[in-house]
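Comments concern the structure below.
Rule-based calculations on the coordinates, nothing more; no lab input. Small disclaimer: the values here were computed from a predicted structure and weren't measured. Heads up, the Cβs are rebuilt from the backbone with ideal geometry, glycines too, and the neighbour counts pull from every protein chain shown.
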Amino acid sequence: MVKRIISLLVMACVVLAFYVPQTKAATKREEIVSIAKKYTGVKYTWGGETPSEGFDCSGYIQYVFAQAGIGMPRTANDQFKLGTAVEVKDLQPGDLVFYKNTYPSDGITHAGIYIGDNNFISATSSSGIKVNPLDNVYWSKYYHASKSVLPDETAQQVKPALPAGEFYDVSKSHFAYTAIYELSRQGVISGFEGSLFKPTVAITRGQAAILLNKQLKLPASTEMSFSDVSSSSAAAQHIAAVAEAKIVSGYPDGTFRPNEPITRGQMAIILTRAYDMLNYDEQSVKPFSDIVSTHPIYKNVHAMRAYNVTQGYADNTYRPNGQTTRAEFSAFLYRTLTR
């Protein structure tokens with residue numbers, strides 16, 4: 001009997017030794033919900049796009065999806081144009097819900113992210129980022145439609161890897177194709193798994209520091225003066241290097257905020273500083289309609305136009321507070337280098 005018990009115990013140990021618990025990888029939907037919930041309680045700010053300044057509803061959605069590696073348009077109306085319609089009963093976490101007439105305006109006036117269990121999370125003007133039930137007395141009154149904007153993860157097919165510099169989501173007709181192709185071949189910027197570049201995803205301040213210093217090759221620094229940048233982080237030496245060169249700066253509270261998207265205005269500052277672009281004939285440059293002559297970055301932004309780094313948008317705006325996408329960063333940097 002004793003031998004039998006010992007034999008069984010040995011067999012059990014052998015089985016357990018070869019058993020490896022399988023951890024289910026989080027789906028993109030689960031990732032989006034997890035990211036969205038992290039910002040619960042962040043204040044509401046009209047036009048806000050970051051946790052530090054606050055969010056409006058579409059800015060919040062754009063930011064959350066960007067953190068998950070998915071580019072989204074900036075406005076709720078444009079977000080509503082994406083994806084496929086979904087009935088309320090078929091909603092899945094990560095789908096978007098849209099509302100009309102929450103204030104006097106045409107089109108979509110509010111949007112949120114469905115998080116499951118009949119709840120959605122959104123940037124509300126009264127309470128900031130907050131979870132509400134879909135059948136809430138107020139919100140149910142203004143509900144308009146729902147959209148699924150995420151691909152079916154079960155239907156994804158593995159595509160062969162493309163040659164260096166080429167990506168499935170950047171066609172040769174893309175405005176930044178040449179910039180992305182050349183910079184990626186030079187090792188300045190890289191793509192993602194599956195030969196994807198994700199051109200519409202916002203680039204962060206930390207990522208911008210890394211990519212800029214890859215090109216500038218400034219001496220690596222061990223000094224770190226920002227309270228929110230750990231000396232062990234991948235971006236630490238690059239951030240310190242470009243900061244010491246007075247190309248980038250932090251905030252008055254001593255932070256750098258490396259995970260915040262870098263704005264188009266900030267990009268104008270760092271590129272014109274890094275590549276000595278502030279000597280130009282201001283009189284020969286047509287002013288952007290949204291950058292007045294007294295604006296602190298007036299000269300930086302118009303240097304970008306003077307050197308054909310950017311001509312702004314079709315309505316003659318520059319939109320300095322807008323997030324810089326990976327494609328825009330690539331185009332700005334490449335045009336600066338080849339001007």
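For this structure, a couple of remarks:
- Under 16 Å from the F192 label point (7 Å along Cα→beta-carbon), backbone N, the stretch 23-62: 26-36, 62
- In angstrom, the C-alpha Rg and Dmax of the chain are 24.0, 100.
- Lysines whose Cα lies under 22 Å from that of K214, excluding same-chain neighbours fewer than 8 positions away: K198, K246
- Whole-angstrom gap from the stretch 253-328 to the stretch 86-112, using each part's C-alpha centre: 34 Å
- Computed from the C-beta positions of N316 and S52, the FRET efficiency with R₀ = 25 Å rounds to 0.30.
- Where only DSSP H runs of four or more residues are counted, the chain gives -9500 deg cm²/dmol as its mean residue ellipticity at 222 nm, each run worth -39500 (n - 2.57).
- The distance between label points at L337 and S284 comes to 2.6 nm (points 7 Å beyond Cα on the Cα→Cβ vector).
- As a proxy for reagent exposure, ranking W139, W46 by other Cβ atoms within 10 Å from fewest up yields W46, W139.
- As computed over the stretch 165-304, the Cα convex hull volume per residue (Å³): 138 Å³
- Using only alpha carbons, the stretch 23-92 has a radius of gyration to Kirkwood radius ratio (Rg to Rh) of 0.99.
- Filter on K38/K141; K28/K100; K28/K159; K37/K159; K37/K147 - keep pairs with C-alpha separation over 24 Å: K38/K141; K28/K100; K37/K159
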